[in-house]
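Here is the structure we will look at.
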Amino acid sequence: MFRDHVKLAIKNLRHRLSRSLLTLLGIAIGIMAIISLMALGEGMQQAVTGQLSSLSDVIIVSTGGGSIFSSFGGGGSTGGEYFTQRDIAYVQRVQGVRDVSTQLAGAGVAEYNGKSTIVSLTGMDVNVMRLQYATQNFEAGGFLNEGDQNKILIGYSIAHNTFDSDVAVGDRIKINGGKFFVSGIFGQQGMGGVSSDTIVLMSSRDFQKLTGQSNISLIYLRVYNVNDAESIATSIQNQINANHGKKDFATATTMTSILKTVQTVIGILQLVLVAIASIALVVASIGIMNTMLTSVMERTREIGIMKAIGATNTDIMSIFIIEGMLVSGIGGIIGILLGVFGSQGLTLILNSFMSMGGSSNLTPIITIMSVVLAVLVSLIVGVLSSLYPAWKAARMSPIEAVRYE
């Protein structure tokens, strides 16, 4: 009996092929949107997790209530407060700490092509530089090497919006009278607030030689045991705050805690994107319902004949529900295939936009769960959208249906 219902449903869909294909297309577009955005969200989460997990043994201590977000954007001290040598000595003595590095902050006068301006200077060890800016793309050039002298990295805004002409890799910029070669230019970040767009980055040795200052704005440290990172961070934060007589002078943040926060944010973003994409499915379900209602009206006489020769209400409902499931099921499968290509295209666009001439590691990831979910959602949409038309068809009186013209 079920096989007969399926055959009849397929026959009816073929008879109204154009309408069936348009309805199927609506479902396919909705599923494609969901698959593409889920793949993109999963890819973002995997990319961020992969980058930050390798830094799980890192603790960053910032001043002025700063956070890891500001420090990784190139920020430093907020409000002119800096760490002292007493703070550094304490951190180096903490049990479980493997190595300690610092970031220096200050200001200088930069001159290029006859124009001078005041810029913010940042100095740090080359290895720490590579750690902090590991996820930052370059518009041109690259990182400094160990032992490099009189070389700097500059942000996008410094290179293109600060002087009368653009700065290129290999050009020389005077800072406080000293000549520095531009080794690399960061790609545009443009996220507002503190970012690498306005940074002038040099080695700690060049910074101290140029400014004569040792203003420590950030402390980077690695621990031997990742499981001890949280307790060590709390201990360091409390002691440094006690050194300065303030409860909020310093903030110690572990990469593990920030990783959890980032994963939560990306998860919420992914849900929002899927919810937006689901609007297309709602529209598609309305299309299925409209198509099925039209089909019921067109086949009123046929329904009456089937009921007159013994078809039950269940048989009539089954035929229409199977039709809806076939349309939505096939549409879901096509939508998954389109979603694979759609996610690739969307990722190429985003990579091009984010890299700004550099490279990006964002790759769409389509999971088995997302595919299964897409198929189930499409089938459920087909069933729910067909229930009312099927119920309406089943309630028809055989006599009135046969007389229908």
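The values are calculated or read from the model by the stated rules, or taken from the named source; none is laboratory data. In this text, all values refer to a predicted model and were calculated from it rather than measured experimentally. Cβ placement follows ideal geometry from the backbone for every residue including glycine, while neighbour counts extend to all protein chains displayed.
Can you confirm whether GLY142 is small (Gly, Ala, Ser), under 27 Å from VAL48 (Cβ atoms), assigned by TED's automatic domain parsing to the domain that holds ILE199 and surrounded by fewer than 17 Cβ atoms within 10 Å (Cβ to Cβ)? It is true that GLY142 is small (Gly, Ala, Ser), under 27 Å from VAL48 (Cβ atoms), assigned by TED's automatic domain parsing to the domain that holds ILE199 and surrounded by fewer than 17 Cβ atoms within 10 Å (Cβ to Cβ).
Looking only at residues in segment 86-105 that are within 16 Å of GLY123 (Cα to Cα) and polar (S, T, N, Q), the one that is surrounded by the fewest Cβ atoms within 10 Å (Cβ to Cβ) is SER101.
Condition check ((1) outside any helix (DSSP H, G or I); (2) touching a residue at least 24 places away in the same chain (Cβ under 8 Å)) across all residues:
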residue	(1), (2)
ALA168	yes, yes
GLN188	yes, yes
LEU210	no, yes
GLU230	no, yes
ALA242	no, no
LYS246	yes, no
LEU259	no, yes
THR264	no, no
GLN270	no, yes
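Identify, please: which residue in segment 233-268 is closer than 29 Å to VAL48 by Cβ and charged (D, E, K, R) and is, among those, modelled with the lowest pLDDT? Once the filter is applied, the top-ranked residue is LYS260. The residue list LEU373, LEU387, LEU348 contains one member that is among the hydrophobic types (A, V, I, L, M, F, W, C), farther than 30 Å from ILE266 by Cβ and either modelled with pLDDT of 80 or more or over 21 Å from the mean Cα position of the chain (by Cα) (or both), which is LEU387. Among residues of segment 16-39 that are aromatic (Phe, Trp, Tyr), none has a Cβ under 9 angstrom from a residue that is part of a helix (DSSP H, G or I) and crowded, with 24+ Cβ neighbours inside 10 Å at a sequence gap of 6+ or on a separate chain.
Yes/no per residue for (1) crowded, with 20+ Cβ neighbours inside 10 Å; (2) over 27 Å from LEU273 (Cβ atoms):
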site: ARG301; (1), (2): no, yes
site: ASN313; (1), (2): no, yes
site: MET317; (1), (2): yes, yes
site: ILE321; (1), (2): yes, yes
site: LEU337; (1), (2): no, no
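Across segment 287-295, not a single residue is classified as without any contact (Cβ under 8 Å) to a residue 12 or more places away in the chain, out of contact with any Ser or Thr (no Cβ under 8 Å at 6 or more places or on another chain), within 30 Å of ALA89 (Cβ to Cβ) and not aromatic (Phe, Trp, Tyr). Among the residues of segment 60-69, is any hydrophobic (A, V, I, L, M, F, W, C), outside any loop (DSSP other than H, G, I, E, B) and at pLDDT below 85? Yes.
When you go through ILE118, ILE154 one by one, which is the residue that is over 20 Å from THR63 (Cβ atoms), modelled with pLDDT of 90 or more, buried (at least 16 other Cβ atoms within 10 Å of the Cβ) and of a type in the set (A, V, I, L, M)?
Working: ILE118 fails: buried (at least 16 other Cβ atoms within 10 Å of the Cβ).
One residue alone meets the criteria, ILE154.
If you go through segment 135-166 and keep only what is within 27 Å of the chain's Cα centre (by Cα), in a loop (DSSP other than H, G, I, E, B) and not hydrophobic (A, V, I, L, M, F, W, C), you end up with THR135, GLN136, ASN137, GLY142, GLY155.
Give just the number: which of (1) surrounded by 20 or more Cβ atoms within 10 Å (Cβ to Cβ); (2) modelled with pLDDT under 80; (3) on the phi < 0 side of the Ramachandran plot does SER56 not satisfy? Unmet for SER56, out of (1) surrounded by 20 or more Cβ atoms within 10 Å (Cβ to Cβ); (2) modelled with pLDDT under 80; (3) on the phi < 0 side of the Ramachandran plot: (1).
Considering only residues in segment 99-133 that are of a type in the set (A, V, I, L, M) and in contact with a helix residue (DSSP H, G or I) (Cβ under 7 Å, 6 or more places away or on another chain), the one that is nearest to LEU201 (Cα to Cα) turns out to be LEU121.
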